[in-house]
Every structure is written in C-alpha cells, then in structure tokens.
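To keep things clear, I will list the structure first and then write my remarks on it.
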Amino acid sequence: MVDLAIQTASNGLNLSRRALLRASAVAGGGFLLQATLPRVAAAAGGEAPAITAFVRIAADGAITILSKNPEIGQGIRTMLPMIIAEELDVAWKDVRIEQAPLDEARFGRQHAGGSTATPENYDPLRRVGAAGRQMLVAAAAQGWSVPPAECETEAGVVHHRKSGRSMTYGALAEKASAQPVPDLATVKLKDPKTFRIIGQRVRGVETPKIVTGQPLFGIDVTMPGMLHAVFEKCPVFGGAVKSANIDAIKALPGVHDAFIVRAGEANPSKDPEGLVDGVAIVAKSWWTASKAREKLEIVWDEGPTATHSSEGFAAQADKFASGAPAASLRRDGDVATALKGAAKVVEAAYTYPFLSHIVLEPQNCTAHFRDGKIDLWAPAQNPGPGQKLVSKTLGVPEKDVVVHMTRGGGGFGRRLQSDFMAEAAWISRKVGAPVKLLWNRRDDMQHDFYRPAGFHYFKGGLDDKGALVALSDHFVTFGKGGKPANSSATMPDTEFPAQLVPHLEYGQSVIEFGIPTGPMRAPRSNALGFVFQSFIDELAHAAGKDPVDFRLALLGEPKILPGAPGKPDPLRDFNTGRMRDVLVRVAEVSGWKERHALPKGTAKGVAFYYSHLGYFAEVVQATVSASGAIRLDHVWAVGDIGRQIINPLGAEHQVQGAALDGLGAALGQAVTIERGRVTQANFDSVLPLRIDQAPPVEVHFITSDFPPTGLGEPALPPVLPALCNAIFAATGKRIRSLPIDTQMLRA
C-alpha cells in the first residue's frame, strides 16, 4: 500500500544538533545564508545526507534562492523557493531563482522522483527562511537600539512601527551577516494564516521562456566546436556487435567519425544502465549523423533474450496460474475454506503491458572530455548516480566529472537511469571534442527501462449480505532468480484491501526475463491501482451494491493500518478515514448519485488509491458509441495531501497532468516484445493522449492536519480503473486488460 521508500517523522522532520546555519557577507554589502539540515532518514536505517539551501540578499534588495533539485516539469524550481521566500518574508517579485550545481556533499541528494520534494523539504526550508528573517530583524533592532520583538517584517522591509522607522533587507544585509546564527530547530515560524506566498497561485518561473521557445532543455545545449552523435544499439536487449561497415560510414560526406563501442571493459557486468555494445556515428550535424545511420550494416550477436516474447510471457503466466504461487506475500485467515462457504465467488484474470515512458524530449546529453576531466549537460532526474556512472565508465575520479543540470522535457522515472550520460561521455572522449548525443524516437521507445507487465488471478468471496469475506490474488511478475526485477515489479503485502478482509492471500510467481525495467510515474501503483480497483468494482456489482458504498463499507470506520513493520508513522501508514473523506467528497462534486440520469452509453466510474503519501479518489465520466469509440467527458479528482497546498496552480497542474497521463496509458499505450525486441517505434503505435481526447479535469483538495506531501504520482493510479469502471457501467463489458480494446466494446 505504501510506495515511498523513506520514513518520515510525525512533524515532517527531526532537526538534529548537527543542523547548521552559516552566514557571511558578500561583495557589495550583501548577505549569504547557508543552511545545512538533516534530511528525512532512509527507511533502511541510518542518517541520510543533509540538504543545503542558499539564500543571497544583495544590497539592492534582490533575493537569489538556489533550487537544488532537477526540474523535469513538476514545478519544483518554483515551489521550493516559494517556501524559503515565504518565511524570509520577501516580495515574490524580488526573488531570483538559480539552479544549484550538482554537489551532493553540500546539498544532499539532488533528485526528482517519488513525490518526495515536498515531504523532505517543506519544514527544513521554512526554517531556512525564518532564520534569515530573524537575523535581518536582529540587525535592524540592534541599529535602532530597540528590542527585536518590537520589529516586524513585510515584503523585504523591517519596520519599527513605534518610531516609524524602516529599513530594506538590502540595506540590512551586510549587518545581518554578522548576527549570531539562530538555532534552526527553534526559530519561530509564521502562522500559516499570515502566508503571502505559500498558498498563492504562482506561475512557473520558467514558463515565459518555455512558451517563447527560449533554450532551457538538454536538447537546446550548444557550444563552439560541438559535434553531433547518434548511437545504434542492438534491437535485442543484451546483444553485442559482431561486425559493422564502419569504413563505408566514415567515408560519407559530413561524417567526422564512426566506431564500434565495445562495452565489456567499461561494463563487464552488462548492467543495462551502463554502456552497452553499439555503433557511434559522429558528424557535423545531427541530421547528417542520422542519415548516415540509415546506411549502417551491423551483424549482431543477439544473445539469449532473442527467445523472449509477450505471447510467451502470457503463456507462462497462465501456466503459473494453474498451480500454487511460488512465494507467499501475505496470508490472513483461511481463504480456501472461506471461499467454499461464500454465498458468491467472483473470479477474474487481469493483465497490463510493458510501458515505455515516452517523454517528449528524447534522451540526450552533451559531453566535453578534455585534460582527463569531463563536463556533461544532461536533463537527468538523478544526476548524482549519473556522475558516478560516468566516473566508473571512463575510469576517472568523480571530482573530475561535472554535471550541469538542464531542465528535462518530462521524466516520469525514465531519467532516473543515466545510460545516455555514459554513452555521450564515452563518445566525447573517443573523438576528443564536445559532442551532443541525441536519441531519436525509436531509440527512446526501444531502449527504455520499461514499466513491467504483470498478471493477476483473483478470487473474491462475498457473504449473503454482499460483504467481502475472502480475497486471493496470484500475482505473476517479472524478474531474475525468482525475485522481482525491481520495486516496480513488486506488490506490497499491505496492498488494499489487505488488513480489512478477514481471509486474504497474496501469492507471487516470477517469469524469468532479460528486458530492462524501471520506475514509471507512480511505480507499481500505476498497475496495481488498475487491477485492484477494477476487481473491487466487479465485487461491488456482484454484491448488488453501489460502488461507492461498497468501498466505504470496505474502509469501515476510520482507523490506521500499518504500512510497514516497526514504529507507527502517521504519513506512511494507511489512514482509512482520510480515504473515506476523499471518496465521499468526489461522490459529491461529481454528482455520483445522479449518474443514472445520464444518457444511454454514458456512465461514471469511481476508484481510489493511496500512493506516495497522497490519498486520491476519482470519478471518470465516459461515453462509448455503438462502434466502440470512447469519449472522455469529464474527470473529478479529490485529493488529501496534508494541511498545506504550497502552490495551488502547480498542484492543480500536477493532478491534471497525472490524470491525463493515466488516461493516455489506458487508451493507447503498450510495448510488446517479439524475438527479444520491442515492436513499437514511434507515436503511431504507442499513443499519447491527443489534445482533442483530453477531458476537463476538475481538481479539489481536502486539507487535513498532516504535513504536506507530494503530487507527482498519487493522482495517476485511480484514473485508470475509474475509466474502466465507467466503461463497464456504460456497456456491461468489463475491461481486464490494457490498453483498452475498443473492438470488444462494439454494440
């Protein structure tokens, strides 16, 4: 049930004695504030890295705040500085935001993923701003010989109302840098009722540049003397080059170099994230390199993965399903006996496909190797591990690998891997010049780290009153050595409705395979939400119950269900009361009770899910025509992510984007494997949601007395089953496999 690999404290963060604040003057009479704070501790135990925030106040009053994490479209470069600016008490118009350099010794882990930015940073960054404000007030009070308690701040100015005096932060900056450093654990924070920035709808700081086409993204990087590269890899995962017509490619006009990359020495373990075999072509322009690539003639050793196929995987899954699971994930009560005594038993098999991330900006990296050192410009979600990978690949010290973080044109988990960085680094060193490596769409789709496919074989038992008394799921996933490939291929033993059904069994079997997989937006939740909330809908209809009422009955009275063994955690543990609240609210705002008045072929479906510390319930209204065509009419989403929405505009966009992302996946996205290779190559076969398909997404939030949490992931999982449940309500046909086959919906 919990999809966040961090452990959070009840107050959001525990500030230790090692929380540090340093202040110093800078040239021109300014003020530099550096705060080093302990980050949320990792679930595995031990102390996690610190986070460091910098604030610079210039003599002219300009405020510069460094944003430490990569920006991939989640609004982090706007949201995190808003937190500091609020407690510092400055005018947002005076704030300038800069991307911090990659330096995890100073900043702690710099990453984008897991919806962790808000829970990790909200309280610490408030304290950074509050400490700066306290030092500025102390400087003013000292100069006026008045108690600091008599001073107040507003929009970058310290006021002493009794005497009518005031001074700007710019005028106070240098004196403030000499003030005693406050204890970050005890600095006075603002009453949220007085917030002027947090809670306001703030436009993204880079939005004007994006809409006017100014260079921000990795794909925009250019520099003098830069060459352009493409890299052809084996279409079968893990394959190797036997031979290639390198001399013929080198002779083509405009080609600077072409060579075979042998990855054995740099990546002897054949880690798919590391350098793999292939052929690199370097030219004066990307177009020249790309056209030369079309003339490549490569003989591949395809390796053992060439025997793998989606059809074969499905056959293996069915074979596993005919027997007992290889491993038990959870066993409560006696499912077999309970099913025998049930008034009604429902059985269903669900499946979902491999998925590609299909980011709009393909993978790219510009690298410049010189004098034994390398600079990289990359739209990475995880630049720290990328730095380590390049260091290992080239055999150079990490300190000699400098990563410049560019904005990413989408990520969704794909850019957590750094294979494209290793490729660019290798090619740049080989040719001795700056090189921009740019993948094409086929590269991006056929050399991804895919959302794993999965198969679920359910049995549910209902008593004579329609209550769920028994549930079993045989989950068939993918991996090696009998273990799931990674967290995206797993299922937690707390998956809802575990702990709420007296007799429940979750079992697991693993298909051995060689396809690289990795996290995708709302890892594992994006798949488990579909199958579990769809099957729960089946059970509701079999019981003759309203789907909302059936779910409310399952949730029962408000209670806390442990999300993992150990000390209770109010964020990690599942709060049925919070989920009840969003479910009741979405039924209200969507007009759920009036759904029977909709015209024939139009219906509403409901689902909920708890993911990445966020509680979301969603209703989708859809219309299915006699030809099976699906029209998305409207989406209602209600979420509970704690007591504070930092940037309502950004929050709304995150929910809308997540919902549309999920709908696109349900309607037209799948990756199929034949002979060990992906058959899809572009947006004609893997279909993102088109503009004319996108419905209005109406977003509502419920505030609860819990620390604020993130929004990148939790709104996505419920929308897929809500759509499928709406289709069933409209047609009587149950969707148990994705993407939705509209042919089966024909009247």
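A few points about this structure:
- Single residue of region 102-116 satisfying the filter (hydrophobic (A, V, I, L, M, F, W, C) and surrounded by fewer than 24 Cβ atoms within 10 Å (Cβ to Cβ)) that is nearest to Pro81 (Cα to Cα): Phe107
- Single unsatisfied condition, Gln200 versus (1) on the phi > 0 side of the Ramachandran plot; (2) touching a Pro at 6+ places or on another chain (Cβ under 9 Å): (1)
- Restricting Gln134, Gln142, Gln99 to those that are of a type outside the set (Asp, Glu), in contact (Cβ under 8 Å) with a residue 60 or more places away in the chain and either surrounded by fewer than 18 Cβ atoms within 10 Å (Cβ to Cβ) or out of contact with any His (no Cβ under 6 Å at 6 or more places or on another chain) (or both) reduces the list to Gln99.
- Per the listing Asp103, Asp89, Asp123, the residue uniquely within 25 Å of Leu216 (Cβ to Cβ) and among the charged types (D, E, K, R) is Asp103.
- Selected residue (only one of Leu216, Leu227, Leu252 is crowded, with 20+ Cβ neighbours inside 10 Å and touching a Lys or Arg at 6+ places or on another chain (Cβ under 8 Å)): Leu227
- Subset of region 437-460 that is more than 25 Å from the chain's Cα centre (by Cα) and surrounded by fewer than 24 Cβ atoms within 10 Å (Cβ to Cβ) - its residue that is farthest from Val255 (Cα to Cα): Lys459
- With a requirement of 3 or more residues that are of a type in the set (D, E, K, R), the helices (runs of 4 or more DSSP H) lying completely within region 521-638 that satisfy it span 576-589.
- Answer residue from region 306-337, given it is within 16 Å of Gly507 (Cβ to Cβ) and among the aliphatic types (A, V, I, L, M) and is farthest from the chain's Cα centre (by Cα) among those: Ala336
- Within region 601-644, considering residues that are at positive phi and crowded, with 24+ Cβ neighbours inside 10 Å, the one nearest to the chain's Cα centre (by Cα): His612
- Pairs with Cβ under 7 Å, 6+ apart, first in region 210-236 and over 29 Å from Val678 (Cβ atoms), second acidic (Asp, Glu): Leu216/Glu206
- Tally, over region 645-676, of residues that are touching a helix residue (DSSP H, G or I) at 6+ places or on another chain (Cβ under 8 Å), surrounded by 19 or more Cβ atoms within 10 Å (Cβ to Cβ) and more than 30 Å from Ala747 (Cβ to Cβ): 8
- Residue list for region 405-453, filter: hydrophobic (A, V, I, L, M, F, W, C), closer than 19 Å to Ser525 by Cα and part of a loop (DSSP other than H, G, I, E, B): Phe412, Phe449, Ala453
- Considering only residues in region 721-747 that are closer than 29 Å to Gly411 by Cα and out of contact with any strand residue (DSSP E or B) (no Cβ under 8 Å at 6 or more places or on another chain), the one that is surrounded by the most Cβ atoms within 10 Å (Cβ to Cβ) turns out to be Ile735.
- Ala342 vs. criteria out of contact with any Gly (no Cβ under 6 Å at 6 or more places or on another chain) and either assigned by TED's automatic domain parsing to the domain that holds Gln99 or of a type in the set (A, V, I, L, M) (or both): no
Condition check ((1) within 24 Å of Leu189 (Cα to Cα); (2) at pLDDT 65 or above) across all residues:
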| residue | (1), (2) |
| --- | --- |
| Ala5 | no, no |
| Asn11 | yes, no |
| Leu15 | yes, no |
| Leu33 | yes, yes |
| Ala42 | no, no |
| Ile51 | yes, no |
| Thr64 | yes, yes |
| Glu71 | no, yes |
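- Test: Ala489 is free of Cβ contacts under 8 Å to residues at least 60 places away in the same chain, in contact with a Lys or Arg (Cβ under 9 Å, 6 or more places away or on another chain) and buried (at least 22 other Cβ atoms within 10 Å of the Cβ): yes
- When the criteria are applied in full, Val510 fails the requirement of being modelled with pLDDT of 95 or more and over 30 Å from Lys233 (Cβ atoms).
- Flag for Glu87 being touching a residue at least 24 places away in the same chain (Cβ under 8 Å) and of a type in the set (Asp, Glu): yes
- Verdict on Arg578 being closer than 23 Å to Val699 by Cα and either not acidic (Asp, Glu) or not assigned by TED's automatic domain parsing to the domain that holds Ala498 (or both): yes
- Comparison of Pro648, Pro695, Pro707, Pro718 shows that the only residue that is within 25 Å of Asp573 (Cα to Cα) and in contact with a Lys or Arg (Cβ under 9 Å, 6 or more places away or on another chain) is Pro707.
- Of all residues in region 665-672, none are part of a strand (DSSP E or B) and within 28 Å of Ala587 (Cα to Cα).
- For region 551-574, the set of residues classified as in contact with a strand residue (DSSP E or B) (Cβ under 8 Å, 6 or more places away or on another chain) and closer than 24 Å to Gly605 by Cβ consists of Arg551, Leu554, Phe574, listed by residue number.
- Selected residue (criterion: farthest from Arg22 (Cα to Cα)) from residues of region 155-185 that are charged (D, E, K, R), touching a strand residue (DSSP E or B) at 6+ places or on another chain (Cβ under 8 Å) and in contact (Cβ under 8 Å) with a residue 12 or more places away in the chain: Arg165
- Of all residues in region 53-77, those satisfying the criterion of being in contact (Cβ under 8 Å) with a residue 60 or more places away in the chain and either under 18 Å from Val157 (Cβ atoms) or of a type in the set (A, V, I, L, M) (or both) are Ala53, Val55, Ile57, Ala58, Ala59, Asp60, Gly61, Ala62, Ile63, Ile72.
- Residue match in region 494-515 (condition: in the same structural domain as Ala659 (by TED's automatic domain parsing), farther than 24 Å from Val346 by Cα, outside any strand (DSSP E or B) and among the aromatic types (Phe, Trp, Tyr)): yes
The values are calculated or read from the model by the stated rules, or taken from the named source; none is laboratory data. Note that the structure is predicted; figures quoted are calculated from it, not measured. When we count neighbours, we look across all protein chains shown, and the Cβ atoms used for this are built from the backbone with ideal geometry, even at glycine.
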